[in-house]
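Since the structure comes first, as structure tokens, the remarks are kept for the end.
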Amino acid sequence: MVFSVLSSSSHLYLPIRPRNFILPIRCSAASSSPSISTRSRSTQFDLKTYWTTLIAKIDQKLDEAIPVKYPEQIYHAMRYSVLAKGAKRAPPVMCVAACELFGADRLAAFPTACALEMVRPLFMSKRLEI
């Protein structure tokens, strides 16, 4: 029923793209020097350093995003839930990593990464109430 209504509609616009349409993939870690072996390039990346560096930068951006204003109690509660010590910050780190994977600048991902971390406590509290 729904398909017949959609197929008979003259106002339905479906974009047409070529069958062999492939998006280009860029690798920001690729080196143009042939002297570097694959093995030495793979050992240069340190996940722990990458993760902790991003967490520090995300914490700084979150701290800037939620300044203490009047009424202080509300802002302190917001900061407590978002800036919890010991948070792993997995969603924002993956957001920034995905941005870098596609060749974009890391700074472009920080607003979205911070938004993910601000929304996360809400979902965590709702999960506990169920």
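Rounded to the nearest Hz, the phi-derived 3J(HN,Hα) couplings of the stretch 82-99 under the Karplus curve 6.51 cos²θ - 1.76 cosθ + 1.60 (θ = phi - 60°) are 8, 9, 4, 6, x, 5, 7, 6, 4, x, x, 5, 5, 5, 5, 5, 5, 4, where x marks glycine and proline. Using only Cα coordinates, the Kirkwood hydrodynamic radius of the stretch 53-97 works out to 11.2 Å. For the stretch 54-130, state the average projected area of the convex hull of the C-alpha atoms over all orientations, rounded to one decimal in nm². Averaging across all directions leaves 5.7 nm² for the Cα convex hull. Rounded to the nearest Hz, the phi-derived 3J(HN,Hα) couplings of the stretch 50-61 under the Karplus curve 6.51 cos²θ - 1.76 cosθ + 1.60 (θ = phi - 60°) are 4, 5, 5, 5, 5, 4, 4, 5, 5, 4, 5, 5, where x marks glycine and proline. Computed 3J(HN,Hα) for the stretch 107-114, one whole-Hz value per residue from the Karplus formula 6.51 cos²θ - 1.76 cosθ + 1.60 where θ = phi - 60°, is 5, 5, 8, 5, x, 5, 4, 5, glycine and proline marked x.
Each value in this text was obtained by applying a stated rule to the coordinates, not by laboratory testing. Computed from a prediction, not measured in an experiment: that's the story for all the values here.
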